[in-house]
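So the structure is just underneath, and the comments pick up after that.
The values are calculated or read from the model by the stated rules, or taken from the named source; none is laboratory data. As the structure is a computational prediction, the values presented were derived from the model and not from experiment. Note that we place each Cβ from the backbone using ideal geometry, even for glycine, and neighbour counts take in every protein chain shown. Keep in mind that these areas ignore ligands, DNA and RNA; they rest on the heavy atoms of the full protein, side chains included. Shrake-Rupley method; radii C 1.70, N 1.55, O 1.52, S 1.80 Å.
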Amino acid sequence: MGTLRSGQLAHPAELPKPEGIGYVISHPDRDTNFGADRMVFGLMRLGVTMHEHLGDESIHRMLVNEISDPDGGKQKRHINHQMGLDVDICFYASDLDGKPLRARWLSFDEKGLSPAKKLRFDTTRNWLLLESILSSDTFGEIRAVLVSEPLKKRLLNHAMSLEEKATGVEAERLREHIRRAMDLCRQPKSSPHDNHFHLSLEN
């Protein structure tokens with residue numbers, strides 16, 4: 001109920017903690033794993049999708065940060081996240097040789113490098129995550145996926161390189177997901193979102 005910056009949860013669903021198929025909650029002690037039905041069930045389905053693509057090794061699990069408090073409302077760490085329709089999902093990382101590492105709360109620059117230049121933005125897995133979000137029929141209508149512009153560009157360039165090699169139905173699928181990513185992914189003025197995806201669903 002309410003708006004992005006003034007909302008509540010009347011009948012919240014709870015994302016099982018501390019982990020589930022394909023995901024782990026980064027701060028289960030905070031009790032911020034509550035949300036609208038389509039957000040929670042969408043995340044559960046998203047975890048299953050990532051598990052189907054990557055397996056359930058710990059390095060491949062989504063790292064889900066926060067949705068909302070049990071009854072919604074304002075949080076100390078967020079302007080929104082008030083009515084169970086917003087969630088933060090950390091980026092996947094790799095080492096400099098491309099070896100996949102677990103997702104983590106870490107910033108990446110326009111070259112896809114961490115501040116210490118020891119880790120890299122895992123474009124392949126992060127595109128798979130974004131594509132799985134955009135193709136989900138559980139989340140319903142998506143308002144936005146917040147992500148920094150340089151990282152958005154990296155994701156789109158990767159997707160377009162895949163589309164160039166694809167044919168038939170696969171090429172059409174990729175073109176549709178690229179179009180949706182162009183429309184829905186953006187960097188907000190308040191924060192660069194260079195360390196996580198912020199998925200926001202329409203009310």
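The set of residues from the stretch 1-23 being without any contact (Cβ under 8 Å) to a residue 60 or more places away in the chain and not in a loop (DSSP other than H, G, I, E, B) comprises Glu14, Glu19, Gly20, Tyr23.
Annotation: Glu14 fulfils all but one of (1) open to solvent by 50 Å² or more (accessible area, probe 1.4 Å); (2) touching a Cys at 6+ places or on another chain (Cβ under 9 Å); the unmet one is (2). The single residue among Lys189, Lys152 that is among the basic types (Lys, Arg), assigned to a helix (DSSP H, G or I) and under 26 Å from Asn80 (Cα atoms) turns out to be Lys152. Scanning the stretch 60-109 for residues that are more than 16 Å from the chain's Cα centre (by Cα) and over 17 Å from Phe34 (Cα atoms) yields Ser94, Asp95, Leu96, Asp97, Gly98, Lys99, Pro100, Leu101, Asp109.
Against the criterion of being open to solvent by 50 Å² or more (accessible area, probe 1.4 Å) and closer than 18 Å to Val64 by Cα, Trp105 qualifies. Only one of the listed residues (Met83, Met39) is touching a residue at least 24 places away in the same chain (Cβ under 8 Å), crowded, with 23+ Cβ neighbours inside 10 Å and within 21 Å of Leu134 (Cβ to Cβ). That residue is Met39.
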